[in-house]
Each structure stands twice: as C-alpha cells, then as structure tokens.
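Since the structure comes first, as structure tokens, the remarks are kept for the end.
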Amino acid sequence: MPDVIEKEQYTSYVSSVSRYTKLLSQPNVGLYNHLRGITISHGDLHSLSPKVRTYVEENISLCEPSSVHICDGSEAENSLLLRLMLQQGTIKPLPKYDNCWLAQTNPADVARVESRTFICTDDRHDTIPTPKAGVKGTLGNWMSPEDMSNAIRHRFPGCMRGRTMYVIPFSMGPVGSPLSKIGIEITDSPYVVSSMRIMTRVGVPVLQALAQGAEFVKCLHSVGSPQNLEAVNHGWPCDPERTIILHRPEKNEIVSYGSGYGGNSLLGKKCFALRIGSTIAKREGWLAEHMLILGITNPAGRKRYIAAAFPSACGKTNLAMMCPSLPGYKVECVGDDIAWMKFDSNGQLRAINPENGFFGVAPGTSSKTNPNAMKTVFRNTLFTNVAATSDGGVFWEGLEDELAPGVTITDWQGKPWDRSTPAAHPNSRFCSPASQCPIIDPSWEDPEGVPIDAILFGGRRPVGVPLVYEAYNWHHGVFIGAAMRSESTAAAEHKGKIIMHDPFAMRPFFGYNFGHYLEHWLNMENTFGRKLPKVFHVNWFRKDAQGKFLWPGFGENSRVLDWIFRRIDNEEIAQPTPVGYVPKTDCLNLDGLSETINMTELFSLPKDFWLQEVTDIEQYFSEQVGADLPVAIAEELSALRQRLLNM
Ligand code: OXD
Ligand code: MN
C-alpha cells in the first residue's frame, strides 16, 4: 500500500522537530541515499552507530522499501502517522474521547499465533525438551538457523517495495536503568510505530545510548506482501497464510512476518521482553517473567511489592489496578504483564516493568471490574477490534450498563451489531500509556526496580483448587509454578474451554528449554544471602456445583492480598495442608463482605481431584519435559502425592 502523506506535511514536520535535529543532522532528509535510491524521509542514517547502521542497511537491501523513516518518538511524528493511517483506512477516529483511535484488523489476524512461533537454535534441545515418542511437544517450537534463513528468504525480499520502512529505537525499561535493554524494531507498519510509542520508550535518549555503543536486540517486522490480495482488507495489510515469528537467542534477533496483531508485531513485548528476554536473563542470572507487579500498602502504612503470573486474559490487568475493598489498603500499579527481576547486591529481588503502556484485553473491563483501567483508556489510546458506537465511542462485552441511551453499535468487523455474535472480538485490546493510570506507582520508573516480597501463581481453575495456598519453601514454590494449569482463553488461537498446562504462565513465551528454565529458577536459592520471596498460588475462579463463582473476586481479592501481606510478615495465620499452607479458620479477613462465602467449599481439597491432578501433572512432566525435568521438581511431585495419600 503506497504512502500518500503530502510532501509539504513531511517538510513542515521535519523542520518542526528541532530538538531532534540537534542529534540527527539532516543532510539526507529528502535526498536519495546511496542504497538503491532509497529516500531517507526522516532522520540521518549516517548519525547512527556503525552497528545500528549496518543492521538498518542490511534490511533496506533485503526489504527494498521506497523510503526510510528513523523514528524520534515525538508528538509531531505520531500526528503524521495517525494521519497516514486515517488515509490508509487502518484507523478511525473516536471523537467521543481525547486522541483515541480504533483499528479493525483483518479477521484472520486477531491473536498471537503460537503454532507459527519458533525459537531457532543450532541444537533443538537448547529450545525444547524432547517429548515422549508419539507425543506432540507443547513447550515451544524449534527451528534450525538454516530453516530460519530459508523462511526469511521466502518472505522478506522486496516485501516493503513501494512503502516506508520505519526504524524504531526503543528501550524496554526506563532508559539508563541497569535492568533495562534496548531494541531496534524495523517495520513497515505505522500502526506498529504508534503502538510501540505507547508500549515502549521510543526516541532520542535511546538513539543517544545507541550512539554511545549500547547493545541492542534486533527486531525485524513486516506485515508482508500477501500473495492473496484479499488478505488486504480495510487497510489492514497482512499475510496470514505465511505468518511466521522467529527468534534467534544466540544473536539477540527477532524476525516477524505477516501479522500486524500486537502480540506478533509489537516486538518489544512477548518476543523481546519474554522470549529473547528469558534467554538473556538465563545467561545473566536474572528472571524475565509473564508477571504483573503491584505495590500494596496496608492500613499501618507499610508497603510491599508483589509479582503475579497468570496466563493471558486471566485478570492480570484487573489485579494490577485493583481497588481494594478492605478499608485502609491501597494498591498501586507498576506493571500489568511483564516483570524483569534481579537480585541486588543486598540479596533483595528487585523488579522493573520493562513496558511503558498497557496492551490490555478490553472485553470484561468496566467500571465495576476495573475502574482504574476505565480512567486510563479513554485518552491517547489505540483500540483494536473493539466495537464502535454511533456517538463516536467504543463498546465491548461488559460495558452494557455504561452505554449512553439510544446509541447504536457497529461490531468489530464494521457491521451493524445484531447481537448474535460478540460486538467486540474476545481478544480486542486497548493500548494506553501506563502513566495515565490513576494508581500508577510512584516508583514505577525507578531505575533500581521495586523490591519483590512475594510471587503469586494462578489461573482459571473452576474445580478443586482453593482460593489461596502458600508454598512450603522455594523448591515447592518452583514446583507450583511448573504445575500451573488454567482454562484456555482468547489471547491465542486455541479453541474452546479446556484446562491447559501453562507453567509459570510462560508456556507460549519460553525462550529456551523449559527444563533448563526450571533449573534456573531452582538455582536462585543457591547464592548465599538472598532473601527469597514467598510463593503463593491463587484461584479467583472456583465454581460451585451450579456453576456459580464461590468467590466475588475483583476488589475483594484484597482480602487474599491482606493474608499474603501478613504471611510475608510471618504472622501465624496459616495451617498446613497437602497442597501448602492455607489460612487458618477465621484468618482470612471477611469483615464487611456483603455476600456469604462458603469457606469450606472454597478451601476444600477433594482427594480424588487432587490425586488426579498429581497424575495429570506427572503425565505432563513425563510426556513434555522427560529427562529435562529437574530431580527437585520430581521430588516435589512425589511429596505432594504422599501428603495427599496421608490426608
Ligand atoms: C498478552 C498476552 O497480550 O499474554 O499480554 O497474550
Ligand atoms: Mn500477557
């Protein structure tokens, strides 16, 4: 799709960006570069560090764009991109709000595509454990570097012909933090540039760090040039039939082709911060995890930070932005999806949120479930695949009570909504700056990170799994993470509601062999003087025999956080069970709760269920992890079975 922004708009934009021009002299702006007659429409290739320049030039040669735009992350640049996307039909304005936009994707490009996501290493075993003969591995997909090169050769040559290549310098984490890392994303999608500007820190300080020789992760993305032209609809170019997402940990390199959907195209997020991030973390001795980070202050004014891993679309954003119902408690949000955590020299685990925004699931978000998200997302937000209202706003399932009277709804595919199908796609998203969250934590950008005192694992478990339990020790905690299971959701391409194993909520995001990942976690306790966080498992989703939730969830989850807070302080409010410590009778604060809770059912441990759970986990470990399962984890499983048998 050709770019049709007027030349004058570019010229006035470029001349308006004075702070930027200090860094990047402009001899090439509007002129032809020696590389295949490419126009450098913004920025100066020659001012880039040699390493960055080589990377960019190699990809210019490969993708053959007609022009190159080196991004500065400025407002002016973003306005230009928004105008371009409006012209191309990628976005529509949402006049009801301030600077909000709606993108509707090709219906074939709505979620992450795990089956087309690969980690590329010389040795397959570095990437995935060997599954049992005849069993399909589910802990990632491996590809050889040769096949990766072939996959690139079959897709990328000339894929940006007639279009602009954007070069996005970005930082995961506050620029300059010892915990942060830099990336460069090359893309042909203005939607990706605008979204990356929200989700990461883009711009001049990153270019300056690069000019001083900072290392960077290479991220190449193209929406592709579909062979089937019908795949280009509504201004959403993509190539679903040939979509592929490749990671080469050895070279800190990501290559993504064919999809514009965020999880596949905003390469700082899942591809860098989790997959490549976890491999860097393994090498450097830290943890890159699929976790929210929240700060919680108790009525006495003491503050603690907690990280929590739940699978995609299981309420991480809701918990991270919770309004506690328990009087005197305050929750503040550091991040809702990813945590990079490292022990400091005092043995304290510290975490940063490497992201700069929220790419949250819209359906289910409402003033009832997440008032803080509702106060975050109606400014400076790029919505994707939500429904539109006739008064210039958005709609999704869960907002029924907040609809202005008389408005009509257009569904996520642009058709009048007839209520027979969801108005918004179940994986529709908001992409909003984190700084807009009314409860953003004052330390959310602290370069040292925040101190983590507890790690929570959890998922959607309608049956058998109690509201909360605490691990006996670090090994037991790692086992609980390894044994995590959850009902499937819409964030990936899976169909139906099945209970899936999702260890550490990382199953789609491991950058290396899960068995080695478990060793890495277990080894965290091997350095003298470390203060290991306590580990818990939570489940807000248990149902009774009639299918009704046993626990009200949302703000009431503060009661569980209160118990966890007090356990961090070693209060004697826990009793042992076969699965771990649970609250002693009357030690979970239910004061003021309007509904009656069936605590016996909520905390019951049906023996048959749990013995079956142990059998399922054992089968999973043996089929999927095999010889790579650390002995310590197998021992934890046996110990759990023994405790259940003695129950
Ligand atoms: C996400 C996901 O988008 O986990 O955060 O899929
Ligand atoms: Mn996620």
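The values are calculated or read from the model by the stated rules, or taken from the named source; none is laboratory data. Keep in mind it's a predicted model, so treat the numbers as computed, not measured. Cβ: placed from backbone, ideal geometry, glycine included. Neighbour counts: every protein chain shown.
Looking across the range 505-525, just one residue is touching a Gly at 6+ places or on another chain (Cβ under 9 Å) and without any contact (Cβ under 8 Å) to a residue 60 or more places away in the chain, and that is ASN523. Summed over the range 255-283, residues that are within 16 Å of ligand 1 (Cβ to nearest atom) and touching a Lys or Arg at 6+ places or on another chain (Cβ under 8 Å) total 7. The residue list GLU613, GLU618, GLU623 contains one member that is among the acidic types (Asp, Glu) and under 19 Å from GLU470 (Cβ atoms), which is GLU613.
Which of the residues that make up the range 330-377 are among the polar types (S, T, N, Q) and closer than 12 Å to TRP444 by Cβ? Quick ask: steps written out before the conclusion?
The first filter runs over the range 330-377 and keeps only residues among the polar types (S, T, N, Q), leaving 345-346, 348, 353, 356, 365-367, 369-370, 372, 376.
Within the range 330-377, ASN353, ASN356 qualify.
Taking the numbered list (1) surrounded by fewer than 24 Cβ atoms within 10 Å (Cβ to Cβ); (2) closer than 16 Å to SER225 by Cα in turn, PRO178 passes all entries but (2). Can you name the residue in the range 287-338 that is polar (S, T, N, Q) and in contact with a Gly (Cβ under 6 Å, 6 or more places away or on another chain) and, of all such residues, is nearest to ligand 1 (Cβ to nearest atom)? The selected residue is THR317. When ASN557 is tested against (1) touching a residue at least 24 places away in the same chain (Cβ under 8 Å); (2) part of a loop (DSSP other than H, G, I, E, B); (3) among the polar types (S, T, N, Q), exactly one condition is not met: (2).
Can you tell me which residue is nearest to the chain's Cα centre (by Cα) among those in the range 102-133 that are farther than 16 Å from LEU266 by Cβ and of a type in the set (Val, Ile, Thr)? Among residues in the range 102-133 that are farther than 16 Å from LEU266 by Cβ and of a type in the set (Val, Ile, Thr), the one nearest to the chain's Cα centre (by Cα) is ILE119.
Only one residue in GLU623, GLU635 is part of a helix (DSSP H, G or I), more than 30 Å from the chain's Cα centre (by Cα) and among the acidic types (Asp, Glu), so which one is that? Full working, then the answer.
Working: GLU623 fails: more than 30 Å from the chain's Cα centre (by Cα).
Of GLU623, GLU635, the one residue that is part of a helix (DSSP H, G or I), more than 30 Å from the chain's Cα centre (by Cα) and among the acidic types (Asp, Glu) is GLU635.
Candidates in the range 104-151 are the residues that are within 16 Å of ligand 1 (Cβ to nearest atom) and assigned to a helix (DSSP H, G or I); of these, the one that is surrounded by the fewest Cβ atoms within 10 Å (Cβ to Cβ) is SER115.
When restricted to residues that are out of contact with any strand residue (DSSP E or B) (no Cβ under 9 Å at 6 or more places or on another chain) and free of Cβ contacts under 8 Å to residues at least 40 places away in the same chain, the range 232-282 contains 1.
Does GLY360 qualify as being closer than 20 Å to GLY263 by Cβ and assigned to a strand (DSSP E or B)?
Working: closer than 20 Å to GLY263 by Cβ: yes; assigned to a strand (DSSP E or B): yes.
Spelling it out, GLY360 is indeed closer than 20 Å to GLY263 by Cβ and assigned to a strand (DSSP E or B).
Checking each residue of the range 476-488 against the condition of being assigned to a loop (DSSP other than H, G, I, E, B), under 15 Å from SER312 (Cβ atoms) and touching a residue at least 24 places away in the same chain (Cβ under 8 Å) gives at least one match.
Take the conditions surrounded by fewer than 21 Cβ atoms within 10 Å (Cβ to Cβ), modelled with pLDDT of 95 or more and more than 22 Å from THR117 (Cβ to Cβ) and apply them to GLU215. Does it pass? Even if it seems obvious, please write down each step before you answer.
Details: surrounded by fewer than 21 Cβ atoms within 10 Å (Cβ to Cβ): yes; modelled with pLDDT of 95 or more: yes; more than 22 Å from THR117 (Cβ to Cβ): yes.
It is true that GLU215 is surrounded by fewer than 21 Cβ atoms within 10 Å (Cβ to Cβ), modelled with pLDDT of 95 or more and more than 22 Å from THR117 (Cβ to Cβ).
Answer yes or no as to whether CYS333 is closer than 26 Å to ASP569 by Cα and either modelled with pLDDT of 95 or more or crowded, with 24+ Cβ neighbours inside 10 Å (or both). Steps first, please.
Details: closer than 26 Å to ASP569 by Cα: yes; either modelled with pLDDT of 95 or more or crowded, with 24+ Cβ neighbours inside 10 Å (or both): yes.
Taking the combined requirement at face value, the residue satisfies it.
Quick check: anything in the range 343-351 surrounded by 24 or more Cβ atoms within 10 Å (Cβ to Cβ), within 16 Å of ligand 1 (Cβ to nearest atom) and either in a strand (DSSP E or B) or not small (Gly, Ala, Ser) (or both)? No, that holds for no residue.
Identify, from the list ALA404, ALA373, the residue that is more than 30 Å from PRO178 (Cβ to Cβ) and outside any loop (DSSP other than H, G, I, E, B). So that I can check it myself, show each step before the final result.
Details: ALA404 fails: outside any loop (DSSP other than H, G, I, E, B).
Going through ALA404, ALA373 in turn, just one is more than 30 Å from PRO178 (Cβ to Cβ) and outside any loop (DSSP other than H, G, I, E, B): ALA373.
Return the residue satisfying two criteria in turn: it lies in the range 66-93 and is crowded, with 22+ Cβ neighbours inside 10 Å and farther than 19 Å from VAL167 by Cβ, and of such residues it is modelled with the lowest pLDDT. Checking each candidate, the answer is THR90. Among the strands (runs of 3 or more DSSP E) confined to the range 244-322, the ones with at least 2 residues that are away from ligand 2 (no atom under 16 Å from the Cβ) and either modelled with pLDDT under 95 or under 18 Å from ALA111 (Cα atoms) (or both) are located at 244-248, 253-257.
How about the range 526-550: which of its residues are polar (S, T, N, Q) and either closer than 21 Å to LEU605 by Cα or in contact (Cβ under 8 Å) with a residue 24 or more places away in the chain (or both)? Walk me through how you get there before you give the answer.
Kept after step one, since they are polar (S, T, N, Q), are these residues of the range 526-550: 526-527, 539, 546.
Answer for the range 526-550, where residues must be polar (S, T, N, Q) and either closer than 21 Å to LEU605 by Cα or in contact (Cβ under 8 Å) with a residue 24 or more places away in the chain (or both): THR527, ASN539, GLN546.
Quick check on the range 504-526. Is at least one of its residues buried (at least 23 other Cβ atoms within 10 Å of the Cβ), part of a loop (DSSP other than H, G, I, E, B) and among the small types (Gly, Ala, Ser)? Checked the range 504-526: at least one residue is buried (at least 23 other Cβ atoms within 10 Å of the Cβ), part of a loop (DSSP other than H, G, I, E, B) and among the small types (Gly, Ala, Ser).
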